[in-house]
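Chemist: Below is the structure I would like to discuss, written out as structure tokens.
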Amino acid sequence: MTLSGFRYSKEDFICNDDDFNFALNVVTKVYLPHQINVMRRLYGNTKNLSGAEYLLDTLPVNFNRTIVSEIYSSISNPPSDKTISNYINLLIKQGKIIRLSQGKYKKRL
């Protein structure tokens, strides 16, 4: 897109398809893989889990709501109780955990 700016001296210019595709290819085929490589070298190949996946990964086989709250209390920006409930309900719908009784759950192995 910068190339279009250099190519046209008018105040209003249109980014032509060739310039846009070139910029898109540079970002997706050069910059993005390079950034991923740098981040892996800096931080290692750690798991990047979403909220529900993180919860499932850190929970013991049998757990209750108190254990869930303790897990999230150790992180710097914990989710709200409503969000935690949404994570639990999502994992139940996905069949990854089973509700045994009110506030008591079990991971499916």
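Values in this text are rule-based calculations from the coordinates and carry no lab data. Please read all numbers here as calculations on a predicted model, not as lab measurements. Here the Cβ positions follow ideal geometry from the backbone for every residue, glycine too, while neighbour counts run over all protein chains shown.
Chemist: Could you pull out the trypsin sites (Lys or Arg not before Pro) across region 46-109 that fall in loop regions by DSSP (anything but H, G, I, E, B) with no more than 13 other Cβ atoms inside 10 Å?
Modeler: Loop-located and lightly packed - Lys47, Arg108.
Chemist: Across region 29-109, how many lysine pairs separated by 8 or more positions, or lying on different chains, have Cα atoms within less than 17 Å?
Modeler: 8
Chemist: How much net charge surrounds Tyr72 when only the other residues with a Cβ under 15 Å from the Cβ of Tyr72 are counted, with Lys and Arg +1 and Asp and Glu -1? Don't skip to the end; give the middle numbers.
Modeler: Details: positive: Arg65, Lys82; negative: Glu53, Asp57, Glu70, Asp81.
After counting each charged neighbour, the total is -2.
Chemist: For an R0 of 30 angstrom, estimate the FRET efficiency from the Cβ-Cβ distance between Cys15 and Asn77 and round to the nearest 0.05.
Modeler: 0.20
Chemist: Using a Förster radius of 30 Å, what is the FRET efficiency between Lys29 and Glu53 based on their Cβ-Cβ separation? Nearest 0.05, please.
Modeler: About 0.55, to the nearest 0.05.
Chemist: Rounded, prolate or oblate: which one fits region 51-107, using the alpha carbon gyration tensor with axes a ≥ b ≥ c (rounded when a/c is under 1.5, else prolate when a/b beats b/c, else oblate)?
Modeler: prolate
Chemist: Using a cut-off of 12 Å between beta-carbons, work out the net charge of the residues near Phe63 (Lys and Arg +1, Asp and Glu -1, Phe63 not included).
Modeler: Neighbourhood net charge equals +4.
Chemist: Let me ask something else about it. Run the simple label-point estimate for Ile67 and Arg108 please: 7 Å along Cα→C-beta, distance reported in nm.
Modeler: Reported label-point gap for Ile67 and Arg108 is 1.8 nm.
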